[in-house]
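Every number in this text was worked out from the coordinates using simple rules, so none of it is lab data. Computed from a predicted structure; not experimentally measured. Positions of Cβ are backbone-derived with ideal geometry, glycine not excepted, and every protein chain shown enters the neighbour counts.
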Amino acid sequence: MNNNPLSWREAFTFNRSETRGFLLLTILLLLTIAARVVYFSFIKPAELVFNVPAEWTFSDSIINCTANEALGTSIDYSNRKNDMHPRANQFQWSFDSVPAQAHASPFKRSRIIELNTADTLELRGLPSIGPWLSRKIVEYRERLGGFFSTEQLLEVYRLTPGKLDTIAPFLVIDTSWVRRIDINTVSLEALLIHPYLSRSQAKGLLAYREKHGPFESVADLRKCLLIDEKTFEKVSNYVKVR
């Protein structure tokens, strides 16, 4: 019985039949990889398939849209007054940014969603959006009151311009869902939640209201010295006066 331990040189030494078997397996592996590259690059079509039902409805807005309409170049609901939410004629949805063959297979399962009503599960269906980022989008939307444009998504922490470019073709916005603040009745605590106002600006608005009485119009916010023009342009969409 040979009790001598096997040296490392002997462990990596192959006879002729073992060497042929190893080369054959290597060749088969390389051929498999090459076949997959050719198939996914030149044979399999990169079509954009939206997972949209034959007909989908946004609750309360009473806006019905078929899948064929959703994939059209532009949808203008201004003439469909009988089927619409009372405020829905204030906006227009456009699908000009959705080409017929826009994305390859990783994005095929993404479907068009309405940004102001989507929950975290729907947002997770978008490319490049995971559980953490979908939760941050919903949290920011609640603080903001709703989105007027997809560009506002860049205000969400860690949502980069590259990710926005990726998900923008799959988003539509119904601005009738945006919540507006009644500036004449809002409390300081509620006003501090809004991301477009600093603490000093929120206190300044309420101090102005207490001193001069109720605001007569949204434009009166400019009379508060702490509200600069840039802040007014951002926050005016989220303010109402009763």
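Quick one: length gained pulling Glu122 to Val38 fully straight, 0.36 nm per residue minus the C-alpha distance? Mind showing how you got there, number by number?
Values: separation 84, 0.36 × 84 = 30.24 nm, distance 3.34 nm.
Taking Glu122 through Val38 to full extension adds about 26.9 nm, to one decimal.
How far apart, in nm, are two points set 7 Å out from the Cα along the Cα-to-Cβ line at Glu229 and at Thr175?
Here the answer is 2.1 nm between the modelled labels.
Less than 15 Å Cβ to Cβ from Phe215, Lys/Arg counted +1 and Asp/Glu -1: what total charge do the surrounding residues give? Mind showing how you got there, number by number?
On the way: positive: Arg180, Arg209, Lys211, Arg222, Lys223, Lys240, Arg242; negative: Asp182, Glu210, Glu216, Asp220.
Counting the neighbours of Phe215, the net charge comes to +3.
In whole Hz, what ³J(HN,Hα) sequence does the range 27-39 give by Karplus (6.51, -1.76, 1.60; θ = phi - 60°), x for Gly and Pro?
5, 5, 5, 5, 5, 5, 4, 5, 5, 5, 4, 5, 5
Kindly write out, for the range 145-152 in residue order, the coupling ³J(HN,Hα) from the Karplus curve 6.51 cos²θ - 1.76 cosθ + 1.60 (θ = phi - 60°), rounded to whole Hz, with x marking Gly and Pro.
x, x, 9, 9, 8, 5, 4, 5
What FRET efficiency do you get for Ile193 and Asp165 if R0 is 25 Å and r is their Cβ-Cβ distance, rounded to the nearest 0.05?
0.25
Check which residues have an amide H placed less than 5 Å from Asp182's amide H, if you skip close sequence neighbours.
When sequence neighbours closer than 5 places are left aside, the close amide H contacts are Lys240.
Could you compute the FRET efficiency for Val241 and Arg158, with r as their C-beta to C-beta distance and R0 at 41 Å, rounded to 0.05?
FRET efficiency, Val241 to Arg158: 0.70.
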